[in-house]
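Read through the structure below, which is laid out as structure tokens, and then see the notes.
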Amino acid sequence: MSDSCSVEEMRLIVSRLYLKAMSQINLRPEQAFAYVQDEAGSLCTSADVGLFAVLQTIIFKEGMIYGLELSRESPYAEDMLQILAGAYDKCCSDDLVSAGLEGEQLEYMVDCMRQVRDKYLRKQ
């Protein structure tokens with residue numbers, strides 16, 4: 001697991017970043033998503049497979065709360081969806097356990113990943 005922060009700390013950071021983007025900076029959900037991706041990007045790298053998949057899940061799941069819709073016509077959105085799909089393709093439950101998840105937390109994250117996959121990665 002990355003020494004930089006735990007899954008719960010990631011969730012709190014992402015939540016605060018979205019709140020700042022939406023209520024203080026007055027960004028639209030798609031702009032807030034890009035802002036959060038940029039700001040939270042330093043929390044882990046894609047080389048840390050489990051933690052990266054968790055971070056992406058948290059960012060997309062929090063975006064769902066704010067009504068995030070990503071157009072496949074947008075090159076940025078398409079890139080982010082490919083990153084998400086790649087993170088999910090590489091990640092297995094052992095990677096999530098290595099990221100510090102177990103028991104109910106692991107089950108919750110797997111459910112969040114399913115929700116994010118269903119909303120953003122299903123073919124339309």
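The values are calculated or read from the model by the stated rules, or taken from the named source; none is laboratory data. Just so it is clear, the structure is predicted and the values come from calculations on it, not from any experiment. Note that each Cβ is placed from the backbone with ideal geometry, even for glycine, and that neighbours are counted across all protein chains shown.
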* **Tally, over the stretch 30-52, of residues that are assigned to a helix (DSSP H, G or I) and more than 14 Å from the chain's Cα centre (by Cα)** => 1
* Asked: Somewhere in the stretch 35-47, is a residue at pLDDT below 95 and over 22 Å from LEU17 (Cα atoms)?
  -> yes
* Structure fact -> When (1) among the aliphatic types (A, V, I, L, M); (2) outside any loop (DSSP other than H, G, I, E, B); (3) farther than 16 Å from VAL116 by Cα are applied to MET80, the one that fails is (3)
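Yes/no matrix, rows are residues, columns are (1) touching a Ser or Thr at 6+ places or on another chain (Cβ under 8 Å); (2) hydroxyl-bearing (Ser, Thr, Tyr); (3) closer than 22 Å to CYS5 by Cβ:
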| position | (1), (2), (3) |
| --- | --- |
| GLN82 | no, no, no |
| CYS91 | no, no, yes |
| ASP94 | no, no, yes |
| GLU104 | no, no, yes |
| MET109 | yes, no, yes |
| ARG117 | no, no, no |
* Evaluate the following for GLU62: is it at pLDDT 95 or above and acidic (Asp, Glu)? => yes
* Determine, yes or no, whether LEU70 is modelled with pLDDT under 95 and either buried (at least 17 other Cβ atoms within 10 Å of the Cβ) or under 16 Å from TYR35 (Cα atoms) (or both). => yes
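Criterion first (more than 15 Å from the chain's Cα centre (by Cα) and in a loop (DSSP other than H, G, I, E, B)) does LEU70 satisfy it?
In short, no.
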* Structure fact -> Here the qualifying pairs (Cβ atoms under 6 Å; residues six or more apart or on different chains; first in the stretch 84-107 and under 21 Å from TYR120 (Cβ atoms); second in a loop (DSSP other than H, G, I, E, B) and of a type in the set (A, V, I, L, M)) come out as ALA99/MET1
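Out of curiosity, is ALA47 crowded, with 17+ Cβ neighbours inside 10 Å and of a type in the set (Gly, Ala, Ser)?
Here the answer is no, as ALA47 does not meet what is asked.
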